[in-house]
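The values are calculated or read from the model by the stated rules, or taken from the named source; none is laboratory data. Since we're looking at a predicted model, the values are computed, not measured. Here the Cβ positions follow ideal geometry from the backbone for every residue, glycine too, while neighbour counts run over all protein chains shown. Surface areas here come from the heavy atoms of the whole protein model, side chains and all, with no ligands, DNA or RNA. Shrake-Rupley method; radii C 1.70, N 1.55, O 1.52, S 1.80 Å.
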Amino acid sequence: MRVVLAEDLFLLRDGLVRLLQAYDFEIAAAVESGPELDAALADLAPDVAVVDVRLPPTHTDEGLQCALRARRARPGLPVLVLSQHVEQLYARELLADGTGAVGYLLKDRVFDAEQFVDAVRRVAAGGTAMDPQVIQQLLSRKAADDRRPLDRLTPRELEVLELMAQGRSNAAIAGQLVVTERAIAKHTSNIFAKLDLEVSDDDNRRVLAVLAYLDQDR
């Protein structure tokens, strides 16, 4: 699997290169600035891009904007964005086209190699990987805007909803909560019914539906 990596800090960039190579990823390019990232994404057609939000020359959201431009040129290009802090706007921009194959993680997550690599693979396969802190903020904001729909959910259903919004499959949620997939499927069905969401057997469509629900203004 070919990766384009963009990170301006040399030590972190070098560490990510070594980590990804250890898990059998091929590094097509490892760049440190927005213009270099634009060129690499246009010329190399990677399977997935792992991109720091803030890159030279602006050190604002240069990396994110490069990734969004590349996805407009090549719809569905898998992109995993890394950020030092949670910014809901970044997640919202990534999810705006509703096609999936996107991820948004805090940089701290890279220190858990298996979690980070799982997110890269999930995004590359067309799925979604959202940082737990992003989901917690979306849930908190949703509750503040209108608590009533979420009040319909049991504590276990809220737990499943949060894991689902992170991009987890039924099997992954079942493994984390130490229950059967059948139990998770039942919880999922109840969640969608209580929140008036359209049920889908497709994991990615389901995740996107939940994220859209949490991010919408009511």
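Just give me the residues in the range 27-53 being in contact with a strand residue (DSSP E or B) (Cβ under 8 Å, 6 or more places away or on another chain), charged (D, E, K, R) and more than 22 Å from Gln84 (Cβ to Cβ), in sequence order.
The answer is Asp47, and nothing else.
For the range 6-35, how many residues meet the condition of being over 16 Å from Arg109 (Cα atoms), out of contact with any Cys (no Cβ under 9 Å at 6 or more places or on another chain) and surrounded by 15 or more Cβ atoms within 10 Å (Cβ to Cβ)?
Residues meeting the conditions: 9.
Might you check whether a residue that is under 21 Å from Met1 (Cα atoms), surrounded by 16 or more Cβ atoms within 10 Å (Cβ to Cβ) and touching a residue at least 40 places away in the same chain (Cβ under 8 Å) occurs anywhere in the range 163-177?
Yes, there is a match, as at least one residue in the range 163-177 is under 21 Å from Met1 (Cα atoms), surrounded by 16 or more Cβ atoms within 10 Å (Cβ to Cβ) and touching a residue at least 40 places away in the same chain (Cβ under 8 Å).
Looking only at the range 179-197, decide whether some residue is open to solvent by 10 Å² or more (accessible area, probe 1.4 Å), outside any helix (DSSP H, G or I) and at pLDDT below 90.
Yes, there is a match, as at least one residue in the range 179-197 is open to solvent by 10 Å² or more (accessible area, probe 1.4 Å), outside any helix (DSSP H, G or I) and at pLDDT below 90.
Being at pLDDT 90 or above and either assigned to a helix (DSSP H, G or I) or over 17 Å from Val210 (Cα atoms) (or both) is the requirement here; does Gly175 meet it?
yes
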